[in-house]
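Below is one structure; the comments refer to it alone.
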Amino acid sequence: MRAFRGIFPIAITVALLMTGCSTGSGDDSGALKNYDEALKEYNAAKSALTLPANKSWDSAQQLRKEADGSQVVFQDGAATGKVESFWLCAWQQEWLAARGNDAQREKQALDNLGKFPTLRTYQKNFDQGSRDIFDDELAKARLGDPSVVQQDVKANCAKV
């Protein structure tokens with residue numbers, strides 16, 4: 001189970017990125033968005049979330065309009081997933097930095113981490129196993145154990 005935990009967060013990120021956008025024009029689901037539609041989704045998701053004081057949306061991974069000369073199309077929710085993943089990493093890093101140094105910041109970060117299960121990424125993109133892993137991470141963080149948050153940040157938050 002220990003090795004599974006180290007690989008699983010990486011697998012989640014890869015799955016989100018692989019299914020989130022593509023080049024081309026064909027998909028039978030009808031849930032594809034062009035860049036402008038995805039940008040609206042991205043901005044709406046950003047406006048619904050607050051970052052820690054030391055973070056800015058300017059450092060979030062931006063949506064790509066083209067890749068290899070082709071227009072990028074986005075699955076519904078992919079832009080929201082990028083925003084929510086950045087937001088989660090920002091609050092995980094804030095919690096780790098504040099732990100034992102600033103009780104108010106630590107509480108605020110933990111409160112925000114507790115909101116992640118209400119977000120689309122957790123509810124729609126995570127399968128039950130992924131939700132269980134995050135729930136365990138959050139439970140341990142609430143008990144003061146940073147180990148799983150540290151692993152998650154190391155595996156998934158390099159650019160945040």
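Odds and ends about this structure:
- Single residue of the stretch 62-79 satisfying the filter (hydrophobic (A, V, I, L, M, F, W, C) and over 13 Å from the mean Cα position of the chain (by Cα)) that is surrounded by the most Cβ atoms within 10 Å (Cβ to Cβ): 74
- Whichever residue in the stretch 119-147 is touching a Leu at 6+ places or on another chain (Cβ under 7 Å) and not hydrophobic (A, V, I, L, M, F, W, C) and, among such residues, is surrounded by the most Cβ atoms within 10 Å (Cβ to Cβ): 125
- Residue check, residue 36 open to solvent by less than 60 Å² (accessible area, probe 1.4 Å) and free of Cβ contacts under 8 Å to residues at least 12 places away in the same chain: no
- Subset of the stretch 86-112 [buried (at least 23 other Cβ atoms within 10 Å of the Cβ) and either within 13 Å of the chain's Cα centre (by Cα) or more than 30 Å from residue 147 (Cβ to Cβ) (or both)]: 87, 88, 90, 91, 92
- Matching entry among 82, 115 (being open to solvent by 70 Å² or more (accessible area, probe 1.4 Å), basic (Lys, Arg) and under 18 Å from residue 49 (Cα atoms)): 115
- Close pairs from the stretch 118-141: first more than 22 Å from residue 76 (Cα to Cα), partner of a type outside the set (A, V, I, L, M, F, W, C), Cβ under 7 Å, at least 6 apart: 133/5; 134/122; 137/152; 138/114; 140/147
- Within the stretch 73-88, residues that are at negative phi and of a type in the set (D, E, K, R) sit with their Cβ atoms under 6 Å from residues that are open to solvent by less than 20 Å² (accessible area, probe 1.4 Å) and part of a helix (DSSP H, G or I), at 6+ positions apart or across chains, in these pairs: 84/121.
- Residue within the stretch 39-49 that is open to solvent by 30 Å² or more (accessible area, probe 1.4 Å), at pLDDT below 95, touching a Phe, Trp or Tyr at 6+ places or on another chain (Cβ under 7 Å) and not in a loop (DSSP other than H, G, I, E, B) present: no
- Among the criteria (1) farther than 30 Å from residue 150 by Cβ; (2) surrounded by fewer than 13 Cβ atoms within 10 Å (Cβ to Cβ), the one residue 59 does not fulfil is (1).
The values are calculated or read from the model by the stated rules, or taken from the named source; none is laboratory data. Keep in mind it's a predicted model, so treat the numbers as computed, not measured. Ideal geometry is used to build each Cβ from the backbone, glycine not excepted, and the neighbour counts take in all protein chains shown. Keep in mind that these areas ignore ligands, DNA and RNA; they rest on the heavy atoms of the full protein, side chains included. Shrake-Rupley method; radii C 1.70, N 1.55, O 1.52, S 1.80 Å.
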